[in-house]
1. For residues in the stretch 1-53 being in a loop (DSSP other than H, G, I, E, B) and among the polar types (S, T, N, Q), which is nearest to Ala79 (Cα to Cα)?
2. Scan the stretch 65-79 for residues that are in contact (Cβ under 8 Å) with a residue 40 or more places away in the chain and either on the phi > 0 side of the Ramachandran plot or not aliphatic (A, V, I, L, M) (or both) and jot them down.
3. Could you check, for the stretch 44-57, whether at least one of its residues is more than 21 Å from Glu5 (Cα to Cα) and in contact (Cβ under 8 Å) with a residue 24 or more places away in the chain?
4. For Leu63, work out the one condition from (1) of a type in the set (A, V, I, L, M); (2) at pLDDT 95 or above; (3) not in a strand (DSSP E or B) it doesn't fulfil.
Amino acid sequence: MISKELLEILACPSCKGDLSYDTKKALLICHGKHCPECGMPLDAAGDCTREGCDASKPRPAGLEYRIEEDIPIMLIDEARKFPLQ
């Protein structure tokens, strides 16, 4: 269980956006637009902001960060990517 106070100060390590908390799945969710290949944020034109990423006009993805023993695992490489609608 993540406390309300902790949730208020946590931000997505990729895009610095707000996170929502899914209590049933024990996940922190960022609905910002991220590259589905590397997880870095997309710019206004829809291009990956990570230098050297080969993703060209990738379909935006959100990121889910798991929580283990009440500790959020806030590593971009370990986040699950999901397609945004």
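The values are calculated or read from the model by the stated rules, or taken from the named source; none is laboratory data. All figures in this text were calculated on a predicted structure; none of them were measured in a lab. Note: ideal-geometry Cβ built from the backbone for every residue, glycine included; neighbour counts use all protein chains shown.
1. We begin by selecting, within the stretch 1-53, every residue in a loop (DSSP other than H, G, I, E, B); these are 1-3, 10-19, 23-26, 35-40, 43-47, 49-53.
Next, only the ones that are among the polar types (S, T, N, Q) stay: 3, 14, 23, 49.
Working: Ser3: 20, Ser14: 10, Thr23: 17, Thr49: 17 Å.
So, considering only residues that are in a loop (DSSP other than H, G, I, E, B) and among the polar types (S, T, N, Q), the one nearest to Ala79 (Cα to Cα) is Ser14.
2. Step one: filter the stretch 65-79 for residues in contact (Cβ under 8 Å) with a residue 40 or more places away in the chain, giving 65-67, 70, 72, 74-76, 79.
Those that are in contact (Cβ under 8 Å) with a residue 40 or more places away in the chain and either on the phi > 0 side of the Ramachandran plot or not aliphatic (A, V, I, L, M) (or both): Tyr65, Arg66, Asp70, Pro72.
3. no
4. (3)
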